[in-house]
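Undergrad: Quick one: this structure, given as structure tokens, is what I'll be asking you about.
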Amino acid sequence: MFDNDGTLWVEQPLPVQLDFIFRALAAAGRQDSSLAEKQPYKAILEQDHDFFAAVGQQHPDAIMALEEALARNWHGATPGEFDAEVLRYLDGAKSERFGVRYTELVYRPMLELFDLLRSCEFRIFVCSGGGRDFMRVIAEDAWGLNREDVIGTAAQYEYRDGELYRTDKVLGGIALGPGKPEHIFATTGRMPAFAGGNADVDIEMLECATFAMLLVHDDEEREFAYTAAAEKSVGEAKRQGWTLVSIKNDWKVVF
């Protein structure tokens, strides 16, 4: 079981999906003045740095506000319509630092680890506080995983007249912190043998696994160096004997 942002691809200066959500909600707020005075639309339109910092550090309240707004924004959309919008975004958006599409910034050593685990007959899942349906769009091409092996915060769906539609409700709470093991068990019926993450919101997922690995972002030249929202997880890794992986010292290549 692996986290996504910061574990499988870059999450700086902002997790990819949050950039997608911010752009969509800003557009909605500009089109509907009644939304512009509501959160999180107001914070996004006003470039509220405190709100952005809380989101970047994956504070549950901030992430939940975004996920609820996301559910409302795409209320009534079909899965195909949502997938198409995500693909349009990924096709056009590029990393400011690296100048390439985000799907080119997946960590090569993690894909190699996936190959090793598959050779040992493990089944691989991704579990993230980020939107499940966004990740499912890239799962097959970026990670070589089936869409059904992606777990995350998601909108509820309803089926009517032969088609599925997104509702404005979030299914089963947010997949951060203790929500990760809860979503994992609800989907798979078991706890992971192996788990990999990179942040404090991954601690519960790592401690419920038999073996755990924590990725440390310490390579300013090839990627990013940061400790925000990861200090506690490093302490837990040392206390509980998890494997610490340094991007700077342990990876010959990054992307």
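The values are calculated or read from the model by the stated rules, or taken from the named source; none is laboratory data. It should be emphasised that the depicted structure is a prediction, and the values quoted were computed from it without experimental measurement. When the accessible area is computed, the model is the full protein with side chains, heavy atoms only, and any ligands, DNA or RNA have been set aside. Shrake-Rupley method; radii C 1.70, N 1.55, O 1.52, S 1.80 Å.
Undergrad: Running a GNM on the chain with Cα contacts under 10 Å, which residue among I203, I21, I174 ends up with the highest mean-square fluctuation?
TA: Most flexible of the set in this elastic network: I21.
Undergrad: Here is a follow-up. Once fully extended, how much extra length lies between R72 and E163, figured as 0.36 nm per residue of separation less the alpha-carbon to alpha-carbon distance? Spell out each step's value before the answer.
TA: On the way: separation 91, 0.36 × 91 = 32.76 nm, distance 1.86 nm.
30.9 nm is the gain from fully extending R72 to E163.
Undergrad: Would you mind calculating the gained length between A225 and F98 on full extension (0.36 nm times residue separation, minus the Cα-Cα distance), in nm to one decimal?
TA: On the way: separation 127, 0.36 × 127 = 45.72 nm, distance 1.50 nm.
Result for the pair: 44.2 nm of gain on full extension.
Undergrad: Residue by residue through the stretch 84-90, what is 3J(HN,Hα) from phi via Karplus (6.51 cos²θ - 1.76 cosθ + 1.60, θ = phi - 60°)? Round to whole Hz and write x for glycine and proline.
TA: For the stretch 84-90, the Karplus-derived couplings read 5, 5, 4, 5, 4, 4, 5 Hz, x marking Gly and Pro.
Undergrad: Run lengths n ≥ 4 of DSSP H only: what is the helix-derived mean residue ellipticity at 222 nm for the chain, with -39500 (n - 2.57) per run over all residues, to the nearest 500?
TA: Numbers: 12 runs with 109 residues, N = 255.
Computed mean residue ellipticity for the chain: -12000 deg cm²/dmol.
Undergrad: How large is ³J(HN,Hα), in whole Hz, for each residue of the stretch 216-233 in order, when computed from phi with the Karplus curve 6.51 cos²θ - 1.76 cosθ + 1.60 and θ = phi - 60°, using x for Gly and Pro?
TA: The phi angles translate into 10, 8, 9, 10, 5, 6, 9, 9, 9, 10, 7, 10, 4, 6, 10, 4, 5, 5 Hz.
Undergrad: Now for a separate question. Pull up all non-local amide H partners of L171: gap of 5 or more, or a different chain, and H-to-H distance under 5 Å with H placed in the peptide plane.
TA: A154, A155, Q156
Undergrad: Starting from the amide H of G130, placed 1.01 Å from N in the peptide plane, find each other amide H under 5 Å away whose residue is 5 or more places distant or on another chain.
TA: The answer is T153.
Undergrad: Using the Karplus curve 6.51 cos²θ - 1.76 cosθ + 1.60 with θ = phi - 60°, what ³J(HN,Hα) values do you get for each residue of the stretch 98-113, in whole Hz, with x for Gly and Pro?
TA: My calculation for the stretch 98-113 gives 9, x, 10, 5, 4, 5, 8, 10, 7, 6, 4, x, 6, 5, 5, 5 Hz in order.
Undergrad: Relative contact order of the chain: what whole-number percent is it, with Cα pairs under 8 angstrom and at least 6 residues apart? Walk me through the numbers before you get to the answer.
TA: Numbers: 386 pairs, mean separation 50.7, N = 255.
Relative contact order here is 20 percent.
Undergrad: Also, I was wondering about something else. Round to the nearest 10 and report in Å² the accessible area of T243, as given by a 1.4 Å probe over the protein chains' heavy atoms.
TA: 60 Å²
Undergrad: Okay, moving on. Give me the percent of accessible area attributable to carbon and sulfur for the stretch 131-197, probe 1.4 angstrom. Working shown, then result.
TA: Working: 1400 of 3090 Å².
Carbon plus sulfur share of accessible area: 45 percent.
Undergrad: At a probe size of 1.4 Å, how large is the accessible area of S119, to the nearest 10 Å²?
TA: Surface open to solvent at S119 totals about 80 Å².
Undergrad: Is the stretch 73-152 rounded, prolate or oblate when judged by the Cα gyration tensor, a ≥ b ≥ c being the square roots of its eigenvalues, rounded requiring a/c under 1.5 and prolate requiring a/b larger than b/c?
TA: Numbers: a/c = 2.57, a/b = 1.30, b/c = 1.98.
Oblate, since a/c reaches 1.5 and b/c is not below a/b.
Undergrad: Sticking with this structure for a sec: Just to make sure I understand: if all protein chains stay in place, what is the order of C127, C208, C120 by accessible area at 1.4 Å, largest first? Write out the running numbers ahead of the final one.
TA: Details: C127 0, C208 35, C120 80 Å².
Per-residue accessible area, sorted high to low, gives C120, C208, C127.
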